[in-house]
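Enquirer: First, the structure itself, so that you have it in front of you.
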Amino acid sequence: MSKRDSSLYIIDIFIAINKISRYIKKFNSADELLWSELEWDATMRELEIIGEATNNLIKLETLDNKKFRKIVDFRNLIIHGYFGIDENEVWYVVNNKLHSFIKELERIVVDNNISLNDAIECAKEENYKNKNVILYLNSLNN
């Protein structure tokens, strides 16, 4: 796929949420996550990706700006106010908001008859050395 369309951004979000869920599963609190340098930084990066992809989906009019603007605003907070980020807010988001966001995106995909097949194949090519992402993408095909 030469031009990024909504399906690619949706897959970007799915992958980012899957990565975050894997990164945080061993932690029991925001504080534990915060002080685990690698997982904290990786989680922040994936939240940035989610926010950027959401912003692009809003621009493409796949997502409603009013309803999803908070996700973009959260991304902007992470990018521009990194040292002021409240780990408890991040913990709340990754544990309570991301699952419902995936469900909402799945509904939008069905309601708008968006095919994800090409985007999944493209993501497989981009991530061919990342076995966890490939396993996840294979599960999306089913």
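Enquirer: Tally up the residues in the range 58-75 that are in a helix (DSSP H, G or I), under 16 Å from the mean Cα position of the chain (by Cα) and either farther than 17 Å from E48 by Cα or not aliphatic (A, V, I, L, M) (or both), please.
Expert: Let us first name the residues in the range 58-75 that are in a helix (DSSP H, G or I), namely 58-59, 65-75.
Next, only the ones that are under 16 Å from the mean Cα position of the chain (by Cα) stay: 58, 68-75.
Now narrow it down to the ones that are either farther than 17 Å from E48 by Cα or not aliphatic (A, V, I, L, M) (or both): 68-70, 73-75.
Residues meeting the conditions: 6.
Enquirer: Residues I24, I15: which one is under 10 Å from the mean Cα position of the chain (by Cα) and either within 24 Å of F68 (Cα to Cα) or free of Cβ contacts under 8 Å to residues at least 60 places away in the same chain (or both)? Spell out the reasoning first.
Expert: Values: I24 fails: under 10 Å from the mean Cα position of the chain (by Cα).
Residue meeting the stated conditions: I15.
Enquirer: As an exercise: evaluate L47 against (1) more than 21 Å from H99 (Cβ to Cβ); (2) in a helix (DSSP H, G or I); (3) not small (G, A, S) and give the number of the one condition it does not meet.
Expert: With (1) more than 21 Å from H99 (Cβ to Cβ); (2) in a helix (DSSP H, G or I); (3) not small (G, A, S) applied to L47, the lone miss is (1).
Enquirer: Mind counting the residues in the range 78-123 that are under 19 Å from Y9 (Cβ atoms) and either in contact with a Leu (Cβ under 6 Å, 6 or more places away or on another chain) or of a type in the set (D, E, K, R) (or both)?
Expert: Total meeting the criteria: 12.
Enquirer: May I pose another question? Residue by residue through the range 22-46, note down the ones that are buried (at least 17 other Cβ atoms within 10 Å of the Cβ) and within 24 Å of N117 (Cα to Cα).
Expert: E46
Enquirer: Same structure again: Out of (1) surrounded by 16 or more Cβ atoms within 10 Å (Cβ to Cβ); (2) assigned to a helix (DSSP H, G or I); (3) within 16 Å of the chain's Cα centre (by Cα), the odd one out for K124 is which?
Expert: (3)
The numbers here are math on the coordinates, done by the rules we state, and not lab data. Keep in mind it's a predicted model, so treat the numbers as computed, not measured. Here Cβ is always computed from backbone atoms with ideal geometry, including for glycine, and neighbour counts include all displayed protein chains.
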